[in-house]
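The values are calculated or read from the model by the stated rules, or taken from the named source; none is laboratory data. A quick note: this is a predicted structure, and the numbers were derived from the prediction, not measured. Here Cβ is always computed from backbone atoms with ideal geometry, including for glycine, and neighbour counts include all displayed protein chains.
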Amino acid sequence: MLEIKNLHARIVDDGTEIIRGLDLTVKAGEVAAIMGPNGSGKSTLSYILAGREDYEVTEGDILYNGQSILEMDPAERATAGIFLAFQYPMEIPGVATMEFLKVAMNEQRKARGEEPLKVPEFLKRVKEAAASLSMDINMLKRPLNVGFSGGEKKRAEILQMKLLEPKLCVLDETDSGLDIDALKIVSEGVNALRSPDRAIVVITHYQRLLEHIVPDSVHVLYKGQVIKSGDKSLAFDLEANGYAGVIGEAA
């Protein structure tokens with residue numbers, strides 16, 4: 001589903017190269033974990049997949065279901081089924097969460113040639129999804145993410161994922177700022193999205209998240225490259241021994 005070939009990318013403003021020849025393949029049905037020390041390029045990779053304009057791809061390609069996405073803008077990527085859950089979700093004053101969800105869902109349906117959801121069906125879907133994440137439905141009447149706790153913001157993003165049903169989900173440090181109860185609920189929401197026709201990329205520093213969202217593959221990112229890949233046992237090794245040994249092997 002996702003194939004990244006010899007990707008090189010830099011920050012537009014100052015030309016700093018962050019991604020330096022990255023190769024990665026994630027198959028449909030797979031949950032892939034991306035781990036690595038601070039500054040290794042993990043969040044940058046997620047932003048590039050989503051089409052953020054702060055970064056410029058200078059070499060290589062990103063294929064999604066066999067098609068290059070480099071010329072697609074963020075809206076086109078979202079319509080195609082690519083979803084990024086941010087480490088720090090943005091607050092959008094003046095936009096009610098419920099209205100945001102309604103517009104997003106109907107824009108996706110429009111792009112697929114489907115009729116917009118009528119209000120009763122929309123509300124039914126939202127209430128069911130919110131209940132599965134232990135979310136108070138009244139929270140959705142508030143402006144998007146404004147005044148939300150860290151856990152509430154992450155639940156709101158998982159709610160979006162459940163409703164929009166993307167095919168490629170990229171989770172950028174979803175565990176950041178979550179207590180153990182919120183982490184469990186968010187993880188259960190992500191696990192419920194596992195599907196043979198969906199790929200999930202989980203970016204994280206810590207093995208803690210991977211106790212709840214068990215990955216099929218683990219990839220270590222360092223200085224903009226994948227330097228080692230393995231199964232879930234690799235995450236346990238990193239938790240026990242740190243990154244120094246893996247980095248030393250790759251040097």
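Descriptive notes on the structure:
- In the stretch 207-215, the count of residues that are within 22 Å of S132 (Cα to Cα), at pLDDT 85 or above, of a type outside the set (S, T, Y) and in contact with a Cys (Cβ under 7 Å, 6 or more places away or on another chain) is zero.
Listed here are the residues, each with its yes/no results for (1) over 21 Å from L45 (Cα atoms); (2) acidic (D, E); (3) modelled with pLDDT of 90 or more.
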| site | (1), (2), (3) |
| --- | --- |
| C169 | no, no, yes |
| I180 | yes, no, no |
| V202 | no, no, yes |
| H205 | no, no, no |
| Q225 | no, no, yes |
| G230 | no, no, yes |
| G242 | yes, no, no |
| A251 | yes, no, no |
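- Within the stretch 163-180, the set of residues being surrounded by fewer than 22 Cβ atoms within 10 Å (Cβ to Cβ), touching a residue at least 24 places away in the same chain (Cβ under 8 Å) and not in a loop (DSSP other than H, G, I, E, B) comprises L163, L164.
- Of all residues in the stretch 113-139, those satisfying the criterion of being part of a loop (DSSP other than H, G, I, E, B) and without any contact (Cβ under 8 Å) to a residue 24 or more places away in the chain are G113, E114, E115, P116, L117, K118, D136.
- Checklist (1) crowded, with 16+ Cβ neighbours inside 10 Å; (2) assigned to a strand (DSSP E or B) applied to V95, failing item: (1)
- Those residues of the stretch 123-149 which are of a type in the set (G, A, S) and under 20 Å from the mean Cα position of the chain (by Cα), in sequence order: A129, A130, S132, S149
- Hey, T58 part of a strand (DSSP E or B) and of a type in the set (S, T, N, Q) or not: yes
- Answer residue from the stretch 143-162, given it is part of a loop (DSSP other than H, G, I, E, B), on the phi < 0 side of the Ramachandran plot and not polar (S, T, N, Q) and is surrounded by the most Cβ atoms within 10 Å (Cβ to Cβ) among those: F148
- If only residues of the stretch 40-78 that are loosely packed, with under 15 Cβ neighbours inside 10 Å and among the hydroxyl-bearing types (S, T, Y) are counted, the one that is nearest to the chain's Cα centre (by Cα) is S68.
- Qualifying helices (runs of 4 or more DSSP H) (wholly inside the stretch 186-251; at least 1 residues being under 16 Å from the mean Cα position of the chain (by Cα) and not polar (S, T, N, Q)): 207-210
- Residue count for the stretch 164-185 under the criterion of being under 22 Å from L101 (Cβ atoms) and under 15 Å from the mean Cα position of the chain (by Cα): the result is 10.
- Within the stretch 181-209, residues that are under 18 Å from Y64 (Cβ atoms) have Cβ atoms under 6 Å from residues that are of a type outside the set (A, V, I, L, M, F, W, C) in these pairs: P196/G29; R198/K167; A199/E30; I203/K42; I203/S46; I203/D172; I203/E173, counting only partners at least 6 apart in sequence or on another chain.
- The residue of the stretch 130-142 that is surrounded by the most Cβ atoms within 10 Å (Cβ to Cβ), among those that are of a type outside the set (A, V, I, L, M), in contact with a helix residue (DSSP H, G or I) (Cβ under 7 Å, 6 or more places away or on another chain) and closer than 16 Å to F100 by Cα, is R142.
- If you go through the stretch 79-129 and keep only what is modelled with pLDDT of 90 or more and among the hydroxyl-bearing types (S, T, Y), you end up with just T97.
- The set of residues in the stretch 49-85 that are in contact with a Pro (Cβ under 9 Å, 6 or more places away or on another chain) and of a type in the set (S, T, N, Q) is empty.
- Taken over the stretch 15-39, residues that are buried (at least 21 other Cβ atoms within 10 Å of the Cβ), assigned to a loop (DSSP other than H, G, I, E, B) and modelled with pLDDT of 95 or more amount to 0.
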